[in-house]
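These notes are about the structure you will find just below.
Rule-based calculations on the coordinates, nothing more; no lab input. In this text the structure is predicted, and so the values were computed from the model without any measurement. FYI the Cβ positions are ideal-geometry reconstructions off the backbone, even for glycines, and counts take in every protein chain you see.
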Amino acid sequence: KKRPLPFVFYGEARSVTTKPYRDAFEYIDDISKVIEFAAKQNVHCLWSGGGVFMRGLWEGYPDKIKEMLTKHGNLVISFTPLIVGGKLKGISRDAALEIAKDFPDQICVGTTVRGLFVSDPPSEFTEQVAAYGDQVKALTKFIQDLSAMSSPEIAAKVSFSNAARLYGVGSGEKPKMIEHPKSGPGLKKLISSTGAGKGANFIGMLAYGGGTSKKKVCEESRSGTEWTTIDCHLHLLDFLQKSSGTSAALKAMDGCKVERALVFGMPCCKKWCFYRPEQPLYYQDDNAPCYVYAYADQMVADAWLALNDTDRARFAPTFASFDPTDLAAIQHVRRLYDKYPNMWRSVGELMCRHDDLTTMLLDREVPRVNHPALDAIYEFCVEKGLPINVHHNADRVGDADGGFHYVGEVEEVLKKHPKLHFVWVHAGVSRRAFEETHHEMIDRMCSTYPNLHVDISWVVWEDVICDAEGNIKQGWIDCIQKHNKKFYIGSDNVAQFFPINDTSTNLLASNITKYWPLFDKLTEDAAKNVSYQNAYDTYFKDWEVPSGEGGEKRYARMDSYYKTEMLDPKSGTFVTGTATELDDDGLY
């Protein structure tokens, strides 16, 4: 009777989110069930990569790996260069060496290269997917260090014998070991607490889905200049349609010299699936789908109508809670506009191609900027004099081939609707969706299309405009200076502006003040345009703000209906409807 073939699988141990409250490894139980079933069939399992990936939070995961290896005698885990290099937050090189020493019969090593064995992978992936030869060198060095800290016999098992036995190749005898140098000290453990000094950065990620850059907070303004700005990308609602409220937003704005803001809702709502014990709080918290939440537009309107006249003038409301692939979406747009024609200042943020979010939509049709359903909406915007703010990736995720796969779709719209005021949010950037020459593409697009405008917000700053040390790249400075009447800046904060009821940490501030060094590097007129004037001219100039006192009845000031919901960053739960200095009645 032939021995059963091993079951080789890749399965992530947790969701892709980096939100600090999501510290559970929620997929482990499902993986355990598969391994247990395999054991009943006398089948060994090889868990490729041990469930880890570049993003995510991995504090405590080495202990979880040990538990899995102890529980499942038929489990073998392959360590990748990512793991043995100590590049993951929470999994140090020392931890990987310790696991291999303690479980010498259940660990092997393997590369992650797919298809490119001679030529190097694109530069975008040099940290995550190094060239094959470099990956082998990293694994070899790990084996050498393992041999020095434990024994050559254990190193031989991990490097060769375990895999040979698993696949039934050869005798499984140890190969001739290469001579190893003296093992050096392991890497220090990465940050594992949220103590004083790190709390602001820890909490700040709650309201801001960060990028892939290691540099999370960019340099402060070297000149010490403080700039008055307009935030052109602020979400009042999150992916659960929750919010800490308008009063919290205004207080946060006051704390970082933001005079006004363009306010989005959130067109998508994250589904809580019955098989998940905890509700996801962010669209990447698990693999559940998202659906269009049309009521979000009315929630934005209600929150704005509950403000006094002074505060109304600081918020320019927008709406976009419709399916971009629905030919009937224009009907929703007309209904909302006809209800409050003097209130809406833009259509947006329209979600088209958007990294992981695109694949999570209930309708499997991909929303794209040149979809036929959007032509009527573009024409409507021109008719009413409204800008439109669109999220549409310039390129495919992870496709660093020097080209921009989806830019042609944007160009098609700009050519077809030359009078449309089109704002390309994040400059067409998403996580892992950009090229080294991104600024050159933006320069060409701005030079070619008079109706194109660019929103600098979210990960475009950390991942693209700044280098790994947080310094602004000269190519971007030149591009923004050249087209300074086309650029806006925004925070992309999502509904949370202070942690719980604490006003000591302003979650908005770092996502606004990070732009101050850019303004210092522009000419005086250009800096004024990018920081303030462009946004003012587009969204606030000549706007006769509907009064809530004695004006048209439809704009009469109304009561606040929605409870403020502030997120506890550690537990992932919300503090609801509490009257504080952030909101005196717990409502917005």
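For this structure, a couple of remarks:
- Spin-label model, Glu524/Thr359: points 7 Å from Cα along the beta carbon direction are separated by 5.1 nm.
- Highest-first arrangement of 82-90, 367-375, 5-13, where packing means the average Cβ count within 10 Å: 82-90, 367-375, 5-13
- Measuring against 27 Å, Cα to Cα, the residue pairs Lys87/Lys473; Lys33/Lys64; Lys339/Lys419 contain no pair spanning a longer distance.
- Ordering Phe404, Phe380 from the fewest to the most neighbouring beta carbons within 10 Å gives Phe380, Phe404.
- Counting neighbouring beta carbons within 10 Å and listing from fewest to most, the residues Leu414, Leu139, Leu508 come out as Leu414, Leu139, Leu508.
- Distance from region 522-544 to region 483-518 (C-alpha centre basis), Å: 17
- Using every pair of distinct Cα positions in region 423-553, the Kirkwood expression returns a hydrodynamic radius of 16.3 angstrom.
- Summarising the label geometry, the points placed 7 Å from Cα in the beta-carbon direction at Ser32 and Ala328 lie 4.7 nm from one another.
- Ordering Thr359, Thr80 by the number of other Cβ atoms within 10 Å of each residue's own Cβ, fewest first, gives Thr359, Thr80.
- Annotation: aspartates and glutamates with alpha-carbon distance below 18 angstrom to Lys415 (same-chain offsets under eight excluded): Asp375, Glu379, Glu383, Asp443.
- Note on region 7-167: Cα-only Rg and Dmax are 15.4, 44 Å.
- Judged by the mean number of other Cβ atoms found within 10 Å, the most tightly packed of the peptides 387-393, 338-344 leads the ranking 387-393, 338-344.
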